[in-house]
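Chemist: Just dropping this structure here.
The values are calculated or read from the model by the stated rules, or taken from the named source; none is laboratory data. Keep in mind that what you see is a predicted model, and the values were worked out from it rather than measured. Cβ sites come from the backbone with ideal geometry, for glycine too, and all protein chains shown count toward neighbours.
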Amino acid sequence: MRININLASLNVFRNQTNSVAANSKAIRYLSSGLKIISSGDDPNGLNKSEKMKMQIRSLEMAGRNVQTGASMLQAADGALSNVNSMLSRMRELVVGAGSAKNSDDLDAIKKELQQTADAIDGVVKTNDFNGVNVLYNEKVTDNSKPETLKMQSGSMVGEINVIPQYNLSKTQLGIDNLDISDSANIGKSIDKLDDAIDAVVSARSKFGAIEKKFEDMGDSMSAISNTIESAQSDITDTDYGNSMMELSRTNILIEAANAIMVQTNNLPQECLRILERVK
(Lines give C-alpha, C1' and ligand atoms only; values in the text may rest on other atoms or scores of the structure.)
Protein backbone atom coordinates (compact mmCIF):
# COMPACT_ATOMS: atom_id res chain seq x y z
CA MET A 1 0.00 0.00 0.00
CA ARG A 2 1.38 3.41 -0.95
CA ILE A 3 0.93 6.06 1.69
CA ASN A 4 3.68 8.48 0.62
CA ILE A 5 1.42 9.93 -2.07
CA ASN A 6 -2.06 11.09 -1.06
CA LEU A 7 -3.94 10.28 -4.26
CA ALA A 8 -7.33 11.10 -2.76
CA SER A 9 -6.12 14.52 -1.77
CA LEU A 10 -4.59 15.07 -5.21
CA ASN A 11 -7.88 14.16 -6.89
CA VAL A 12 -9.78 16.54 -4.65
CA PHE A 13 -7.21 19.24 -5.40
CA ARG A 14 -7.58 18.73 -9.16
CA ASN A 15 -11.36 18.96 -8.91
CA GLN A 16 -11.03 22.04 -6.72
CA THR A 17 -8.68 23.66 -9.26
CA ASN A 18 -11.17 23.03 -12.05
CA SER A 19 -13.99 24.45 -9.93
CA VAL A 20 -11.94 27.57 -9.09
CA ALA A 21 -11.20 28.08 -12.81
CA ALA A 22 -14.89 27.69 -13.71
CA ASN A 23 -15.82 29.99 -10.84
CA SER A 24 -13.36 32.64 -12.04
CA LYS A 25 -14.76 32.38 -15.57
CA ALA A 26 -18.33 32.85 -14.29
CA ILE A 27 -17.23 35.91 -12.29
CA ARG A 28 -15.46 37.29 -15.37
CA TYR A 29 -18.56 36.80 -17.51
CA LEU A 30 -20.76 38.49 -14.93
CA SER A 31 -18.43 41.44 -14.34
CA SER A 32 -17.68 42.12 -18.02
CA GLY A 33 -21.12 41.32 -19.42
CA LEU A 34 -19.38 39.30 -22.14
CA LYS A 35 -18.99 35.58 -22.60
CA ILE A 36 -16.39 35.96 -25.37
CA ILE A 37 -13.50 37.98 -23.98
CA SER A 38 -10.67 36.21 -25.76
CA SER A 39 -10.53 34.00 -28.85
CA GLY A 40 -10.06 30.96 -26.64
CA ASP A 41 -13.51 31.38 -25.09
CA ASP A 42 -15.33 30.56 -28.35
CA PRO A 43 -13.29 30.76 -31.59
CA ASN A 44 -16.28 30.04 -33.84
CA GLY A 45 -18.50 32.47 -31.96
CA LEU A 46 -15.82 35.17 -32.10
CA ASN A 47 -15.52 34.72 -35.88
CA LYS A 48 -19.28 35.10 -36.32
CA SER A 49 -19.37 38.07 -33.97
CA GLU A 50 -16.61 39.95 -35.80
CA LYS A 51 -18.33 39.43 -39.16
CA MET A 52 -21.58 40.71 -37.68
CA LYS A 53 -19.79 43.76 -36.24
CA MET A 54 -18.42 44.52 -39.71
CA GLN A 55 -21.94 44.25 -41.18
CA ILE A 56 -23.32 46.53 -38.49
CA ARG A 57 -20.62 49.17 -39.07
CA SER A 58 -21.20 49.01 -42.83
CA LEU A 59 -24.95 49.41 -42.39
CA GLU A 60 -24.46 52.32 -39.99
CA MET A 61 -22.19 54.10 -42.48
CA ALA A 62 -24.62 53.46 -45.32
CA GLY A 63 -27.42 54.73 -43.08
CA ARG A 64 -25.50 57.94 -42.46
CA ASN A 65 -24.97 58.30 -46.20
CA VAL A 66 -28.67 58.06 -47.00
CA GLN A 67 -29.50 60.41 -44.12
CA THR A 68 -27.04 62.93 -45.56
CA GLY A 69 -28.56 62.45 -49.01
CA ALA A 70 -32.08 62.94 -47.65
CA SER A 71 -31.01 66.08 -45.77
CA MET A 72 -29.37 67.48 -48.90
CA LEU A 73 -32.54 66.90 -50.92
CA GLN A 74 -34.69 68.42 -48.17
CA ALA A 75 -32.53 71.54 -48.30
CA ALA A 76 -32.79 71.62 -52.09
CA ASP A 77 -36.57 71.23 -51.94
CA GLY A 78 -36.82 74.08 -49.45
CA ALA A 79 -34.82 76.31 -51.79
CA LEU A 80 -36.93 75.31 -54.79
CA SER A 81 -40.11 76.02 -52.86
CA ASN A 82 -38.90 79.62 -52.54
CA VAL A 83 -37.91 79.69 -56.20
CA ASN A 84 -41.34 78.43 -57.17
CA SER A 85 -43.00 81.20 -55.18
CA MET A 86 -40.75 83.81 -56.82
CA LEU A 87 -41.49 82.46 -60.30
CA SER A 88 -45.20 82.66 -59.57
CA ARG A 89 -44.72 86.27 -58.50
CA MET A 90 -42.84 87.00 -61.74
CA ARG A 91 -45.67 85.50 -63.74
CA GLU A 92 -48.17 87.72 -61.93
CA LEU A 93 -46.02 90.76 -62.73
CA VAL A 94 -45.76 89.85 -66.42
CA VAL A 95 -49.52 89.31 -66.68
CA GLY A 96 -50.01 92.63 -64.91
CA ALA A 97 -47.69 94.35 -67.40
CA GLY A 98 -50.37 93.88 -70.03
CA SER A 99 -52.52 96.39 -68.21
CA ALA A 100 -49.78 98.84 -67.20
CA LYS A 101 -51.11 102.36 -67.69
CA ASN A 102 -47.87 104.22 -68.26
CA SER A 103 -44.13 103.82 -68.72
CA ASP A 104 -43.45 104.38 -65.01
CA ASP A 105 -45.62 101.39 -64.10
CA LEU A 106 -43.88 99.30 -66.74
CA ASP A 107 -40.44 100.33 -65.48
CA ALA A 108 -41.41 99.37 -61.91
CA ILE A 109 -42.57 95.99 -63.11
CA LYS A 110 -39.33 95.49 -65.10
CA LYS A 111 -37.28 96.40 -62.04
CA GLU A 112 -39.09 93.95 -59.77
CA LEU A 113 -38.91 91.24 -62.41
CA GLN A 114 -35.14 91.58 -62.69
CA GLN A 115 -34.68 91.77 -58.91
CA THR A 116 -36.70 88.60 -58.50
CA ALA A 117 -34.74 86.84 -61.26
CA ASP A 118 -31.50 87.87 -59.55
CA ALA A 119 -32.83 86.58 -56.22
CA ILE A 120 -33.69 83.23 -57.83
CA ASP A 121 -30.17 83.06 -59.24
CA GLY A 122 -28.74 83.74 -55.79
CA VAL A 123 -30.84 81.05 -54.13
CA VAL A 124 -29.90 78.47 -56.75
CA LYS A 125 -26.19 79.22 -56.87
CA THR A 126 -25.71 79.31 -53.10
CA ASN A 127 -27.58 76.11 -52.33
CA ASP A 128 -24.40 74.36 -51.21
CA PHE A 129 -24.65 71.27 -49.01
CA ASN A 130 -21.29 69.87 -47.89
CA GLY A 131 -19.69 71.15 -51.06
CA VAL A 132 -22.44 69.80 -53.35
CA ASN A 133 -25.00 71.90 -55.20
CA VAL A 134 -27.73 69.87 -56.92
CA LEU A 135 -29.47 72.99 -58.21
CA TYR A 136 -26.61 74.52 -60.12
CA ASN A 137 -24.22 72.64 -62.35
CA GLU A 138 -23.01 74.93 -65.10
CA LYS A 139 -22.23 71.93 -67.33
CA VAL A 140 -25.95 71.29 -67.75
CA THR A 141 -27.40 72.94 -70.84
CA ASP A 142 -30.64 70.94 -70.89
CA ASN A 143 -32.40 70.22 -67.59
CA SER A 144 -34.09 67.20 -69.13
CA LYS A 145 -30.58 65.70 -69.24
CA PRO A 146 -29.04 66.61 -65.86
CA GLU A 147 -25.63 65.65 -64.60
CA THR A 148 -25.63 62.95 -61.92
CA LEU A 149 -24.12 62.53 -58.49
CA LYS A 150 -23.48 58.95 -57.35
CA MET A 151 -23.92 58.10 -53.70
CA GLN A 152 -23.04 54.86 -51.91
CA SER A 153 -26.35 54.02 -50.27
CA GLY A 154 -25.91 50.42 -49.17
CA SER A 155 -23.47 48.25 -47.26
CA MET A 156 -22.46 46.20 -50.32
CA VAL A 157 -20.40 47.07 -53.39
CA GLY A 158 -22.56 48.42 -56.19
CA GLU A 159 -25.41 49.63 -53.97
CA ILE A 160 -25.39 53.13 -55.44
CA ASN A 161 -28.13 55.70 -55.94
CA VAL A 162 -28.00 58.51 -58.47
CA ILE A 163 -29.00 62.09 -57.64
CA PRO A 164 -29.57 64.50 -60.55
CA GLN A 165 -27.78 67.86 -60.67
CA TYR A 166 -29.60 70.61 -62.56
CA ASN A 167 -28.81 74.06 -63.82
CA LEU A 168 -31.68 76.19 -62.53
CA SER A 169 -29.93 79.51 -62.90
CA LYS A 170 -31.88 82.47 -64.25
CA THR A 171 -30.07 82.17 -67.56
CA GLN A 172 -30.79 78.49 -68.05
CA LEU A 173 -34.40 78.96 -66.95
CA GLY A 174 -34.72 81.76 -69.53
CA ILE A 175 -36.05 84.34 -67.06
CA ASP A 176 -33.25 86.90 -67.24
CA ASN A 177 -34.16 90.26 -68.74
CA LEU A 178 -37.70 89.33 -69.69
CA ASP A 179 -39.17 91.54 -72.40
CA ILE A 180 -42.58 93.01 -71.54
CA SER A 181 -42.50 95.85 -74.05
CA ASP A 182 -45.62 94.71 -75.91
CA SER A 183 -48.32 92.06 -75.84
CA ALA A 184 -46.40 89.67 -78.10
CA ASN A 185 -43.33 89.74 -75.86
CA ILE A 186 -45.48 89.51 -72.76
CA GLY A 187 -46.92 86.29 -74.18
CA LYS A 188 -43.43 84.95 -74.82
CA SER A 189 -42.33 85.89 -71.30
CA ILE A 190 -45.32 84.08 -69.80
CA ASP A 191 -44.37 80.98 -71.79
CA LYS A 192 -40.79 81.23 -70.52
CA LEU A 193 -41.99 81.50 -66.92
CA ASP A 194 -44.36 78.56 -67.39
CA ASP A 195 -41.42 76.49 -68.69
CA ALA A 196 -39.29 77.61 -65.76
CA ILE A 197 -42.01 76.65 -63.28
CA ASP A 198 -42.35 73.24 -64.98
CA ALA A 199 -38.58 72.71 -64.72
CA VAL A 200 -38.59 73.55 -61.00
CA VAL A 201 -41.64 71.37 -60.30
CA SER A 202 -40.03 68.49 -62.21
CA ALA A 203 -36.82 68.81 -60.21
CA ARG A 204 -38.77 68.93 -56.93
CA SER A 205 -40.71 65.83 -57.94
CA LYS A 206 -37.54 63.87 -58.71
CA PHE A 207 -35.85 65.04 -55.51
CA GLY A 208 -38.93 64.12 -53.50
CA ALA A 209 -39.04 60.59 -54.92
CA ILE A 210 -35.34 60.03 -54.16
CA GLU A 211 -35.70 61.52 -50.68
CA LYS A 212 -38.58 59.14 -49.92
CA LYS A 213 -36.48 56.25 -51.21
CA PHE A 214 -33.59 57.30 -48.95
CA GLU A 215 -35.89 57.51 -45.94
CA ASP A 216 -37.27 54.02 -46.64
CA MET A 217 -33.74 52.66 -47.13
CA GLY A 218 -32.63 54.27 -43.86
CA ASP A 219 -35.52 52.66 -41.98
CA SER A 220 -34.78 49.30 -43.59
CA MET A 221 -31.06 49.44 -42.80
CA SER A 222 -31.80 50.46 -39.24
CA ALA A 223 -34.11 47.46 -38.81
CA ILE A 224 -31.55 45.08 -40.35
CA SER A 225 -28.78 46.54 -38.20
CA ASN A 226 -30.88 46.08 -35.06
CA THR A 227 -31.59 42.45 -36.00
CA ILE A 228 -27.90 41.70 -36.60
CA GLU A 229 -26.94 43.53 -33.43
CA SER A 230 -29.40 41.41 -31.46
CA ALA A 231 -27.98 38.22 -32.99
CA GLN A 232 -24.44 39.38 -32.28
CA SER A 233 -25.43 40.16 -28.72
CA ASP A 234 -26.75 36.62 -28.29
CA ILE A 235 -23.34 35.30 -29.31
CA THR A 236 -21.13 37.57 -27.20
CA ASP A 237 -23.18 38.81 -24.26
CA THR A 238 -23.28 37.04 -20.94
CA ASP A 239 -26.27 34.86 -20.13
CA TYR A 240 -26.68 36.14 -16.59
CA GLY A 241 -29.04 33.35 -15.56
CA ASN A 242 -26.65 30.58 -16.61
CA SER A 243 -23.61 32.44 -15.27
CA MET A 244 -25.24 32.94 -11.87
CA MET A 245 -26.13 29.23 -11.74
CA GLU A 246 -22.54 28.35 -12.68
CA LEU A 247 -21.21 30.70 -10.01
CA SER A 248 -23.43 29.12 -7.35
CA ARG A 249 -22.55 25.59 -8.51
CA THR A 250 -18.80 26.21 -8.45
CA ASN A 251 -18.98 28.00 -5.08
CA ILE A 252 -20.62 24.88 -3.63
CA LEU A 253 -18.02 22.62 -5.25
CA ILE A 254 -15.16 24.75 -3.93
CA GLU A 255 -16.57 24.74 -0.42
CA ALA A 256 -17.13 20.98 -0.60
CA ALA A 257 -13.61 20.45 -1.92
CA ASN A 258 -12.18 22.50 0.95
CA ALA A 259 -14.05 20.35 3.46
CA ILE A 260 -13.06 17.08 1.79
CA MET A 261 -9.46 18.28 1.49
CA VAL A 262 -9.22 18.56 5.26
CA GLN A 263 -10.37 14.96 5.58
CA THR A 264 -8.18 13.54 2.78
CA ASN A 265 -5.13 15.33 4.15
CA ASN A 266 -5.63 13.38 7.40
CA LEU A 267 -5.86 10.01 5.64
CA PRO A 268 -2.09 9.25 5.72
CA GLN A 269 -1.96 9.89 9.44
CA GLU A 270 -4.97 7.66 10.00
CA CYS A 271 -3.35 4.91 7.96
CA LEU A 272 -0.15 5.14 9.99
CA ARG A 273 -2.06 4.92 13.22
CA ILE A 274 -3.85 1.80 11.98
CA LEU A 275 -0.56 0.21 10.92
CA GLU A 276 1.00 0.98 14.28
CA ARG A 277 -1.85 -0.84 16.00
CA VAL A 278 -1.36 -3.83 13.70
CA LYS A 279 2.25 -4.11 14.85
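Matching residues to (1) outside the structural domain of Gly98 (by TED's automatic domain parsing); (2) without any contact (Cβ under 8 Å) to a residue 24 or more places away in the chain; (3) aromatic (Phe, Trp, Tyr):
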residue	(1), (2), (3)
Gln115	no, yes, no
Gly122	no, yes, no
Tyr136	no, no, yes
Val140	no, no, no
Glu147	no, yes, no
Ser169	no, no, no
Ile180	no, no, no
Leu193	no, no, no
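Chemist: Give the residues of region 4-23 that are exposed (fewer than 12 other Cβ atoms within 10 Å of the Cβ) and either part of a loop (DSSP other than H, G, I, E, B) or modelled with pLDDT under 75 (or both), sorted by residue number.
Modeler: Asn4, Ile5, Leu7, Leu10, listed by residue number.
Residues are listed down the side, and each one gets a yes or a no for (1) more than 19 Å from Val132 (Cβ to Cβ); (2) at pLDDT 95 or above:
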position: Val162; (1), (2): no, no
position: Leu168; (1), (2): no, yes
position: Leu173; (1), (2): yes, yes
position: Asp179; (1), (2): yes, no
position: Asp234; (1), (2): yes, no
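Chemist: Can I ask one more? Within region 200-212, is there a residue that is β-branched (Val, Ile, Thr), part of a helix (DSSP H, G or I), closer than 30 Å to Ala97 by Cα and touching a residue at least 40 places away in the same chain (Cβ under 8 Å)?
Modeler: Yes: region 200-212 contains one or more residues that are β-branched (Val, Ile, Thr), part of a helix (DSSP H, G or I), closer than 30 Å to Ala97 by Cα and touching a residue at least 40 places away in the same chain (Cβ under 8 Å).
Chemist: Another question, then. For the condition farther than 30 Å from Ser153 by Cα and either part of a helix (DSSP H, G or I) or in the same structural domain as Lys206 (by TED's automatic domain parsing) (or both), what is the one hit in Asn44, Asn82, Asn65?
Modeler: Working: Asn82 fails: farther than 30 Å from Ser153 by Cα; Asn65 fails: farther than 30 Å from Ser153 by Cα.
One residue alone meets the criteria, Asn44.
Chemist: Hey, can you tell me all the residues within region 162-191 that are assigned to a strand (DSSP E or B) and among the aliphatic types (A, V, I, L, M)?
Modeler: Correct list: Val162, Ile163.
Chemist: Hey, another quick one. With the requirement that a residue be surrounded by fewer than 18 Cβ atoms within 10 Å (Cβ to Cβ), touching a helix residue (DSSP H, G or I) at 6+ places or on another chain (Cβ under 9 Å), among the small types (Gly, Ala, Ser) and within 29 Å of Ile163 (Cα to Cα), what does region 86-136 give you?
Modeler: Listed by number, the residues that qualify are Ser88, Ala119.
Chemist: Answer yes or no as to whether Ser169 is under 37 Å from the mean Cα position of the chain (by Cα), surrounded by 14 or more Cβ atoms within 10 Å (Cβ to Cβ) and of a type in the set (Gly, Ala, Ser).
Modeler: When the stated conditions are applied, Ser169 passes them.
Chemist: Could we say that Ala100 is outside any helix (DSSP H, G or I) and either over 18 Å from Lys192 (Cα atoms) or free of Cβ contacts under 8 Å to residues at least 40 places away in the same chain (or both) here?
Modeler: Taking the combined requirement at face value, the residue satisfies it.
Chemist: Check off (1) more than 31 Å from the chain's Cα centre (by Cα); (2) over 28 Å from Lys206 (Cα atoms) for Glu50 and give me the number that stays unchecked.
Modeler: Condition (1) is where Glu50 drops out.
Chemist: Name the single residue, out of those in region 103-145 being part of a loop (DSSP other than H, G, I, E, B) and among the acidic types (Asp, Glu), that is nearest to the chain's Cα centre (by Cα).
Modeler: The extreme case among them is Asp128.
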